[in-house]
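Asks: Mind looking over this structure? Questions follow.
The values are calculated or read from the model by the stated rules, or taken from the named source; none is laboratory data. Since we're looking at a predicted model, the values are computed, not measured. Cβ atoms come from the backbone with ideal geometry, glycine included; neighbour counts cover every protein chain shown. Side chains are part of the model used for accessible areas, which takes the heavy atoms of the whole protein and leaves out ligands, DNA and RNA. Shrake-Rupley method; radii C 1.70, N 1.55, O 1.52, S 1.80 Å.
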Amino acid sequence: MTHEPKIALVTGANRGIGLEIVRQLARLGLQVILTARDATKGRQAVQHLKADGLEVGFLELDVTDAMSVLALKEKVEARYERLDVLVNNAGILLDEGENVLDVEPETVRKTLESNLIGPWLLCEAFVPGMVRRKYGRVVNISSTAGQLSSMGGYAPAYSVSKAALNALTRQMAYAGGKHVLVNTMCPGWVRTDMGGSGAPRSVEKGAETAVWLATLPKDGPTGGFFRDKKAIPW
């Protein structure tokens, strides 16, 4: 008896950590849907993966647009019938080097729309189906910038958005029950467009814990915050 491959969706996945998560999940045999706001860049990323022998699908998605999320849900259900794994990777960092007393309200709003409300909308779209089918894995890509236990003054809008994403993770873990495992993780400082070329970590290492959480066994953790496959303080 052959088992159908799990179907996974990764947001903001045309480059960086998101793209590497797609690559690693596809190598493990999952049926992966790469999403990106820019359809041209998204399709180019899929072509690169196909050139490496990996079969990956593409769907356009703007996580800050509720109608885009709804359209995505309809396309996933029409084409794949279900979603087993959701990786909320899309996110922005707009206020590095800014002071919490000076950051523009519009910067805060844009950051929260992308880093918190987007993942929230996607969970609302797909977690109920996971609960019904009694299987699901949700991975929220966070940051130690969002750790309340060590938070300083770095990138206030970004840090607050990631702390809020961590809180959302706890709420979704409760809603998911024992069959839908919802966790958040910090990839570390990774050599990507966001992290910069001077970052100490490879993109492969940055993606590793997200892939582990996306493929947890049924007795795996839920409602946790992880780095390098180890629980870290909130």
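Asks: Could you check how much of the accessible area of the chain is carbon and sulfur, as a whole percent, using a 1.4 Å probe?
Replies: Reported share for carbon and sulfur atoms: 52 percent.
Asks: Please work out how much length the chain gains when fully extended from Ala71 to Ala167, using 0.36 nm per residue of separation minus the C-alpha to C-alpha distance, in nm with one decimal.
Replies: 31.9 nm
Asks: If ligands, DNA and RNA are left out, what is the accessible area of His3 with a 1.4 Å probe, given in Å² to the nearest 10?
Replies: Roll a 1.4 Å probe over it and His3 shows about 150 Å².
Asks: Quote to one decimal, in nm, the extra length available between Glu60 and Ser149 on full extension: 0.36 nm per residue of separation minus the C-alpha distance between them.
Replies: Taking 0.36 nm per residue and subtracting the Cα distance, the gain is 28.4 nm.
Asks: With the cut-off at 21 Å, tell me which of the pairs Lys75/Lys218; Lys134/Lys229; Lys73/Lys178; Lys41/Lys75 have Cα atoms farther apart than that.
Replies: Lys75/Lys218; Lys134/Lys229; Lys73/Lys178
Asks: Arranged from highest to lowest average of other beta-carbon atoms within 10 Å per residue, in what order do the peptides 132-140, 112-120 appear?
Replies: Highest-to-lowest ranking by the protection proxy: 112-120, 132-140.
Asks: Want the number for Arg227 to Lys134: 0.36 nm per residue separation, take away the alpha-carbon distance, what's left?
Replies: The span from Arg227 to Lys134 would gain 30.8 nm if fully extended.
Asks: Follow-up question, since we're still on this one. Just need the relative contact order of the range 1-75 here, percent rounded to a whole number, with Cα pairs under 8 Å and 6+ apart.
Replies: Once divided by the residue count of the range 1-75, the mean separation gives 27 percent.
Asks: Also, quick follow-up: For log10 I(q)/I(0) by the Debye sum over Cα atoms at q = 0.09 Å⁻¹, several values are listed as (i) -0.33; (ii) -0.38; (iii) -0.44; flag the one computed from this structure.
Replies: Only one option fits the structure, namely (i).
Asks: Oh, and also: Which GluC sites (Glu not before Pro) in the range 1-76 pass both tests, a DSSP loop state and at most 14 other beta-carbon atoms within 10 Å?
Replies: Glu55
Asks: Now for a different question. Give me the 1.4 Å probe accessible area per residue for the chain, excluding ligands and nucleic acids, in Å².
Replies: Heavy-atom SASA per residue in the chain reads 49 Å².
Asks: Next question. Using helices alone, I'd like the mean residue ellipticity at 222 nm for the chain: each DSSP H run of four-plus residues gives -39500 (n - 2.57), total over residue count, nearest 500.
Replies: Helix-only estimate at 222 nm: -13000 deg cm²/dmol.
Asks: Another question, then. Would you list which aspartates and glutamates come within 15 Å of Lys50, measuring only between C-alpha atoms, while excluding same-chain residues fewer than 8 positions from it?
Replies: Glu20
Asks: Shifting gears a bit: If a/c stays under 1.5 just call it rounded; otherwise compare a/b with b/c (prolate if a/b is bigger, oblate if not). Do that for the range 1-90, with a ≥ b ≥ c from the square roots of the Cα gyration tensor eigenvalues.
Replies: oblate
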